[in-house]
1. In Å, what is the Rg of the alpha-carbon atoms in the chain, and how long is Dmax?
2. To the nearest 0.05, how large is the calculated FRET efficiency for Met8 and Lys37 if R₀ is 22 Å and r is the Cβ-Cβ distance?
3. Let's test the formula: R0 of 30 Å, r as the Cβ-Cβ distance of Met1 and Thr87. What FRET efficiency results, to the nearest 0.05?
4. Where does each of Met115, Met8, Met1 land when they are ordered by accessible area, with a 1.4 Å probe and the largest first?
5. If the chain between Met113 and Tyr61 were fully stretched, how many nm would it gain, using 0.36 nm times the residue separation less the Cα-Cα distance?
6. Divide by every residue of the chain the summed helix terms, -39500 (n - 2.57) for each DSSP H run of at least 4, and state the resulting mean residue ellipticity at 222 nm, rounded to the nearest 500 deg cm²/dmol.
7. Go through region 27-43 residue by residue and turn each phi into a ³J(HN,Hα) via Karplus (6.51, -1.76, 1.60, θ = phi - 60°); whole Hz please, and just put x for glycine and proline.
8. Loop only by DSSP, 14 or fewer other Cβ within 10 Å of the Cβ. Give me the chymotrypsin sites (Phe, Trp or Tyr not before Pro) in region 49-79 that pass, ordered by residue number.
Amino acid sequence: MINLKNIMGGFSVGIINALFGAGGGMIAVPIIKAKDKNQKEAQASAVGVILPLCMLSAAIYYIKGYYTLSEALPYVPFSVAGAIIGTALMKKIPDRILRKIFASFMLYLGVRMVMR
(Lines give C-alpha, C1' and ligand atoms only; values in the text may rest on other atoms or scores of the structure.)
Protein backbone atom coordinates (compact mmCIF):
# COMPACT_ATOMS: atom_id res chain seq x y z
CA MET A 1 0.00 0.00 0.00
CA ILE A 2 1.43 3.37 -1.00
CA ASN A 3 1.28 6.08 1.62
CA LEU A 4 3.24 9.22 2.49
CA LYS A 5 5.73 7.28 4.64
CA ASN A 6 6.48 4.93 1.71
CA ILE A 7 6.90 7.85 -0.67
CA MET A 8 9.17 9.84 1.65
CA GLY A 9 11.11 6.74 2.68
CA GLY A 10 11.66 5.77 -0.96
CA PHE A 11 12.85 9.25 -1.89
CA SER A 12 15.23 9.29 1.10
CA VAL A 13 16.68 5.89 0.24
CA GLY A 14 17.15 6.83 -3.42
CA ILE A 15 18.73 10.20 -2.71
CA ILE A 16 21.12 8.89 -0.03
CA ASN A 17 22.10 5.91 -2.17
CA ALA A 18 22.77 8.05 -5.24
CA LEU A 19 24.57 10.84 -3.37
CA PHE A 20 26.91 8.64 -1.37
CA GLY A 21 27.24 5.53 -3.55
CA ALA A 22 25.78 3.48 -0.73
CA GLY A 23 23.89 4.02 2.46
CA GLY A 24 20.42 3.67 1.02
CA GLY A 25 20.17 0.32 2.75
CA MET A 26 21.08 1.91 6.06
CA ILE A 27 18.05 4.16 5.63
CA ALA A 28 15.82 1.41 4.19
CA VAL A 29 16.38 -1.11 7.00
CA PRO A 30 14.86 1.00 9.81
CA ILE A 31 12.00 2.12 7.54
CA ILE A 32 11.18 -1.47 6.58
CA LYS A 33 11.71 -2.71 10.15
CA ALA A 34 9.10 -0.22 11.36
CA LYS A 35 6.56 -2.20 9.32
CA ASP A 36 6.72 -5.12 11.79
CA LYS A 37 9.55 -6.95 10.03
CA ASN A 38 12.34 -8.65 11.92
CA GLN A 39 15.96 -7.63 11.36
CA LYS A 40 16.71 -10.34 8.80
CA GLU A 41 13.56 -9.59 6.78
CA ALA A 42 14.30 -5.86 6.88
CA GLN A 43 17.90 -6.31 5.74
CA ALA A 44 16.91 -8.70 2.96
CA SER A 45 14.10 -6.39 1.83
CA ALA A 46 16.49 -3.42 1.86
CA VAL A 47 18.78 -5.26 -0.56
CA GLY A 48 15.78 -5.79 -2.83
CA VAL A 49 15.01 -2.08 -2.63
CA ILE A 50 18.53 -0.81 -3.27
CA LEU A 51 19.48 -3.30 -6.00
CA PRO A 52 17.63 -1.46 -8.78
CA LEU A 53 18.81 1.88 -7.34
CA CYS A 54 22.42 0.75 -7.44
CA MET A 55 22.07 -0.55 -10.97
CA LEU A 56 20.52 2.70 -12.16
CA SER A 57 23.05 4.87 -10.32
CA ALA A 58 25.93 2.77 -11.67
CA ALA A 59 24.63 3.16 -15.23
CA ILE A 60 24.22 6.94 -14.87
CA TYR A 61 27.66 7.37 -13.27
CA TYR A 62 29.22 5.22 -16.02
CA ILE A 63 27.53 7.20 -18.79
CA LYS A 64 28.69 10.47 -17.19
CA GLY A 65 32.25 9.13 -17.02
CA TYR A 66 32.67 8.98 -13.24
CA TYR A 67 34.23 5.50 -13.46
CA THR A 68 35.35 2.93 -16.01
CA LEU A 69 34.53 -0.75 -16.11
CA SER A 70 38.23 -1.55 -15.74
CA GLU A 71 38.20 0.28 -12.39
CA ALA A 72 35.11 -1.54 -11.11
CA LEU A 73 35.52 -5.08 -12.45
CA PRO A 74 38.40 -6.23 -10.19
CA TYR A 75 36.08 -5.88 -7.17
CA VAL A 76 33.16 -7.84 -8.62
CA PRO A 77 34.22 -11.46 -7.95
CA PHE A 78 35.18 -10.69 -4.36
CA SER A 79 31.98 -8.71 -3.79
CA VAL A 80 29.93 -11.64 -5.09
CA ALA A 81 31.81 -14.06 -2.83
CA GLY A 82 31.33 -11.71 0.12
CA ALA A 83 27.60 -11.47 -0.59
CA ILE A 84 27.27 -15.25 -0.65
CA ILE A 85 29.18 -15.62 2.62
CA GLY A 86 27.27 -12.75 4.23
CA THR A 87 23.91 -14.25 3.27
CA ALA A 88 24.92 -17.61 4.72
CA LEU A 89 26.16 -15.98 7.94
CA MET A 90 22.98 -13.91 8.35
CA LYS A 91 20.91 -17.12 8.52
CA LYS A 92 22.96 -18.29 11.50
CA ILE A 93 23.03 -15.07 13.54
CA PRO A 94 20.14 -14.51 15.97
CA ASP A 95 17.98 -11.49 15.15
CA ARG A 96 18.85 -9.52 18.31
CA ILE A 97 22.59 -10.00 17.72
CA LEU A 98 22.24 -9.05 14.04
CA ARG A 99 20.41 -5.87 15.07
CA LYS A 100 23.28 -4.96 17.41
CA ILE A 101 25.88 -5.66 14.73
CA PHE A 102 23.94 -3.50 12.26
CA ALA A 103 23.64 -0.64 14.76
CA SER A 104 27.32 -0.91 15.73
CA PHE A 105 28.34 -0.82 12.08
CA MET A 106 26.22 2.29 11.48
CA LEU A 107 27.69 3.98 14.55
CA TYR A 108 31.26 3.05 13.61
CA LEU A 109 30.86 4.38 10.07
CA GLY A 110 29.25 7.59 11.29
CA VAL A 111 32.02 8.27 13.81
CA ARG A 112 34.69 7.37 11.27
CA MET A 113 33.26 9.76 8.69
CA VAL A 114 33.01 12.61 11.19
CA MET A 115 36.58 12.09 12.44
CA ARG A 116 38.20 12.06 8.99
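1. 15.4, 42
2. Working from the Cβ atoms, E equals 0.75.
3. 0.60
4. Correct descending sequence by accessible area is Met1, Met115, Met8.
5. Length gained between Met113 and Tyr61: 16.4 nm.
6. Result for the chain, helices only: -27000 deg cm²/dmol.
7. For region 27-43, the Karplus-derived couplings read 7, 5, 4, x, 5, 5, 4, 5, 8, 6, 9, 7, 4, 5, 5, 5, 5 Hz, x marking Gly and Pro.
8. Tyr66, Tyr67
The values are calculated or read from the model by the stated rules, or taken from the named source; none is laboratory data. Because the structure is predicted, anything quoted here is derived from the model rather than measured. FYI the Cβ positions are ideal-geometry reconstructions off the backbone, even for glycines, and counts take in every protein chain you see. Heads up: the accessible areas ignore ligands, DNA and RNA and are worked out on the full protein's heavy atoms, side chains in. Shrake-Rupley method; radii C 1.70, N 1.55, O 1.52, S 1.80 Å.
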